[in-house]
Amino acid sequence: MTRGLRIGSIVVNVSDVPRAMAFWTQALGYEPRYEPEPDWVILQPRDGGGPNLSLNLGETRPEPFPHVHLDLYTPDQDSEVERLLQLGASRVEDWPYPEEPHDFVVLADPDGNRFCVIDAPEG
């Protein structure tokens, strides 16, 4: 039994909180939960569903192959990848994609934090 334990927020270290906030609010349709601080902001879904994403000012650089990353699901992968690239994401070209067809595209946010855009039809 978990006694009500749940994920409240996923925390990502960034080098520029306002820049990261601008990217992730547009990317996910999130909004600040409270007034942002220079070194910290909690972003929440506008519709109330899903986990929070917290951005923490940090000096460390993301690992090229992180142990934990975000998987963003969408029924329209091509359009979402293009939209995220226009918002400031970049393609991760050196990712070891499998030879067979795959359902994910690896991108990096403006700080280099990697995430996947997953082709996930609704339902």
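Every number in this text was worked out from the coordinates using simple rules, so none of it is lab data. Predicted model, so just to flag it, every value in this text is computed and none were measured. Cβ coordinates were reconstructed from backbone atoms using ideal geometry, including for glycine residues, and neighbour counts include every protein chain displayed.
Loop-resident trypsin sites (Lys or Arg not before Pro) (DSSP state other than H, G, I, E or B) in segment 30-104 with no more than 16 further Cβ atoms inside 10 Å of their Cβ: Arg33, Arg46. With both partners inside the chain, how many of the DSSP beta bridges are antiparallel, as a percent to the nearest 5? Just about 60 percent of them are antiparallel.
Electrostatic tally near Ser15: other residues with Cβ closer than 12 Å to its Cβ, Lys and Arg +1, Asp and Glu -1, net -3.
The phi torsions of segment 21-36, fed into the Karplus equation with coefficients 6.51, -1.76 and 1.60 and a -60° offset, translate into couplings of 4, 4, 5, 6, 5, 6, 5, 9, x, 8, 9, x, 6, 10, 4, x Hz, rounded to whole numbers, with Gly and Pro shown as x. In order along segment 43-50, phi translates into HN-Hα couplings of 9, 10, x, 4, 8, x, x, x Hz, rounded to whole numbers, per the Karplus curve 6.51 cos²θ - 1.76 cosθ + 1.60 with θ = phi - 60° and x for Gly and Pro.
Please give the helix 77-87 orientation as an angle from the longest Cα principal axis of the chain, in degrees from 0 to 90, rounded to the nearest 10. Relative to the chain, helix 77-87 is tipped by roughly 50 degrees. Sorting Glu80, Glu122 by the number of Cβ atoms found within 10 Å of their own Cβ, with the fewest placed first, yields Glu122, Glu80. Over the chain, DSSP H runs of length four or greater, each weighted -39,500 (n - 2.57), average out per residue to a 222 nm ellipticity of -5500 deg cm²/dmol.
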